[in-house]
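Just so you know, all these numbers are worked out from the coordinates, no wet-lab data involved. A quick note: this is a predicted structure, and the numbers were derived from the prediction, not measured. We place every Cβ from the backbone using ideal geometry, glycine too, and count neighbours over all the protein chains shown.
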Amino acid sequence: MRMLMVLLALLASLPALAVTVASPDGRLVASVDLDGDGRPMWSATRDGKPLVLPSRLGFILGDAPKLDRGLAIVAERRASNDSRWEQPWGERRFVRDHYNELTVTLAEKAGLQRRYDLVMRVHDDGLGFRSGFPDQPNLKTLRIVAELTEFHVADAAGGKAWWIPALEWNREEYLYHATGITEVGLAQTPLTLRTGAGTWLSIHEAALVDYAGMNLQPAGDGLFRAQLTPAGLGPAVTRNSPFFTPWRTLMVADSAPGLANSSLILNLNEPNRLGDVSWVHPCKYTGIWWGMHLDQQSWSSGPKHGATTANALKMIDFAAANTFCGVLIEGWNIGWDGNWFGDGWDFSFTKPYPDFDMARITAYGRKRGVGLIGHHETAGNLLNYEAQMAAAFDYDRANGINTVKTGYVADAGQLQVAAATPGFGTDGKPHDISFEWHEGQASARHHVKVLEEAARRQVSIVSHEPIKDTGLRRTYPNWLSREGARGMEFNAWGNPNNGPEHEATLAFTRLLAGPMDYTPGIVSLMGRGQRIPSTLAKQLALYITIYSPVQMAADLPENYAKAPAALRFIRSVPVDWQESITLAGQPGSHVVTARQDRAGNDWWLGAAGGKTAVDVSVPLAFLGPGRWRAEIWRDGAAADTNPFDMVVEQRDVTAASSLALRLASGGGGAAVHFKRVGGQ
Ligand code: NOJ
Ligand code: CA
């Protein structure tokens, strides 16, 4: 008996055995374990080999003992799912959600006896885990100063990383670094890695709701520690239980295209919360926009003012002639005069400049079947915006504006938000302002508030200088698109421009998070006096390689008039897809993506190259049976030195064919439209 007691006591003092959960195909296995001090850890293997070495979990709280050790696994639950759901719009219509899930309840063995659930969900294409805090007496309000979550990537030596810095002034608008894994600095997510063993990974998060965004602080040898985006005042996150943290995600693939084909982030988000969203319209649009970035027009009033009634009517004609459904007009509203991004207090979202006749313009647009895309540049002043938001979306709805582009131009860490005890002074301005990061909890809250206010008026949102994309378009399908990376505007400004590799890098980095409003189609290939690092054919390819349900024909109408073959492509390319398949590519080198039109059977293919020329041979197995005619817009033989050299030609192909394409140096590309011409 005594022997048995001793044995039991010994067993109880040993760390618990790891609990594991495998992906449906069995290749990816995640484990949850505790070390000898009762500290929770997670790890993962793929094909039986280490993929993520034991990595810590836990939380540091501002006003309570840290929640990181002395824990035991007191319960364990399992679930599995294999279902298919439909997107109202998207890069693919149907998404398979196939996973095995393990939930362990971790509880403190002594002291406050606090507890939380760790949910580990493993798909074939990656995993996600999150912490769920039930309501309990000793964890009513969590003031989370730090999350101890780690990702200790195995085989870091000899691996490679594509990343942009976190907590830097220009938010997400940096060129990507391509370095060894061990040379990464404090990085934003998604962070793309190719391990020394050749496995492709993307570390990110899903469903960032009312929480601070996660950055990654490297600690050597492939170890990355979560670093929550700070709050302006107080802890990074303040939440009352019950709640779940966002999912911490790891996409896993054998190739870079494998990452691009994953639906992990969408699958980990909650289903549509808005009900009938038939009022959300994917759309191609044009606008009064590029002229400002070229400095030919101004947002502010005066002789160069772009948003005049006359210009707006002309743009509506241009849009109607090319079947674009929207016209974005920036600089339409009071507030752009002077230093508009100084503090954003001057912006009105309901008062047009006197030379912009909203009623006349929208009436004309209605007649021609073209809607305005509204514009709310906040200059990062969330206080001023939120105070006007309801009136602003009422105004939009009254004017038939069903999509609004928002903007948050302010240096990182300078969003103005109401501090804990807000109140308005006699000058009408709030007393207490805190300065927040674009990726912080206050910003996460703000974006959801915008979506909800907009949805009440059947308005959709395209955000610039946004919080990062974590797949919330599934829950709020009126979040059509966003920027959140260097867009085409940098090619207008130069100093430096985006470089020829940027879009081929985006495909395997930023775009893993979701759609981007890149604003392609600059057929003049000219910024403010300097060449854009792209061939003409690549400007067309971008409509396919960069997924967005709203795509801009961003150049000036007079430039399109000089490029009829390119305009014909832009006019006809769809923005909503039945299926999407990234077929080939590597960050910075090239990307080849095929998409099937959601409104028909046609397939479209885009190939965007990088600095050096690439020859790709694309198997067309994605085409259905029958004979197909391929219309190809591709780099001509002289495109390396003359980026305007574009050949438009036709070829007859079948699913058994391969298409050989040469993407020129300096940012070459090709775009293809496949139409079935016979057989089934
Ligand atoms: C930056 C946005 O990215 C750009 O599209 C917009 O024109 C300016 N802000 C002004 O709002
Ligand atoms: Ca921007």
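Things worth noting here:
- Computed over the range 118-189, the range of Cα coordinates on each principal axis works out to 47, 35, 19 Å, biggest value leading.
- Placing unit charges on each Cβ (+1 for Lys and Arg, -1 for Asp and Glu) gives the chain a dipole about its Cα centre, and among PHE129, ASN601, THR179 the Cα reaching farthest toward its positive end belongs to ASN601.
- Peptide ranges 535-546, 109-120 listed from the most packed, as the mean C-beta count within 10 angstrom indicates: 535-546, 109-120
- Counting only the Cα atoms, the range 2-267 fills a convex hull of 150 Å³ per residue.
- Gain in span if fully extended, LYS675 to ALA655, counting 0.36 nm per residue against the direct Cα distance: 6.0 nm
- Translational diffusion coefficient (Stokes-Einstein; Kirkwood radius from C-alpha pairs) of the range 452-548 at 25 °C, 0.890 mPa s, in µm²/s: 171
- MRE, 222 nm, helices only [DSSP H, n ≥ 4, -39500 (n - 2.57), over the chain, to nearest 500]: -5000 deg cm²/dmol
- Kirkwood-Stokes translational diffusion coefficient of the range 499-680, alpha-carbon pairs, 37 °C, 0.692 mPa s, µm²/s: 205
- Cα-based shape type of the range 189-283, given that a ≥ b ≥ c are square roots of the gyration tensor eigenvalues and the cut on a/c is 1.5: oblate
- Our analysis of the chain gives Rg over Rh at 0.99, with the two radii drawn from alpha carbon positions and Rh computed by the Kirkwood formula.
- Spin-label model distance (nm) - ALA75 vs GLU631, 7 Å beyond Cα toward Cβ: 6.1
- For the peptides 157-165, 493-501, the ranking by packing is 157-165, 493-501, with the highest mean count of neighbouring Cβ atoms within 10 Å listed first.
- Phi-derived couplings, Karplus 6.51 cos²θ - 1.76 cosθ + 1.60 at θ = phi - 60°, listed residue by residue for the range 542-548: 4, 5, 10, 6, 9, 6, 7 Hz, with x used for Gly and Pro.
- Derived scalar couplings ³J(HN,Hα) [the range 556-570; Karplus, 6.51 cos²θ - 1.76 cosθ + 1.60; whole Hz; x for Gly, Pro]: 6, x, 5, 6, 5, 4, 8, 9, x, 5, 5, 4, 4, 5, 4
- Distance between the modelled labels on ALA18 and GLN113, one decimal in nanometres: 3.1 nm (7 Å Cα→Cβ projection).
- Ranked by how many other beta carbons lie within 10 Å on average, peptides 408-417, 204-213 from highest: 204-213, 408-417
- Hydrodynamic analysis of the range 31-177 uses the Kirkwood radius over alpha carbon pairs. Inserted into Stokes-Einstein at 20 °C and 1.002 mPa s, it gives a translational diffusion coefficient of 119 µm²/s.
- Shape box of the range 288-370 [Cα atoms, principal axes, largest first, Å]: 38, 27, 20
- Between the range 300-323 and the range 511-558, the alpha-carbon center distance in angstrom: 20
- For the range 258-327, the direction-averaged projected area of the alpha-carbon convex hull comes to 8.5 nm².
- For the chain, size of Cβ-based charge dipole, Lys and Arg +1, Asp and Glu -1, in debye: 1200
- Label point distance in nm, LYS611-ARG528, each placed 7 Å from Cα along Cα→Cβ: 2.5
- Global dimensions of the range 235-376 from alpha-carbon coordinates: Rg and Dmax equal 21.0, 58 Å.
- Each Cα pair under 8 Å and six or more residues apart adds its sequence gap; the mean of these over the residue count of the range 320-405 is a relative contact order of 35 percent.
- With bins 5 Å wide beginning at 0, the percent of Cα pairs of the range 538-583 falling in each bin runs 5, 18, 33, 23, 13, 5, 3, 0.
- Normalised contact order of the range 2-267, rounded percent, pairs of Cα under 8 Å and 6 or more residues apart: 16
- Mean separation of Cα pairs under 8 Å and 6 or more residues apart, divided by the residue count, gives the chain a relative contact order of 10 percent.
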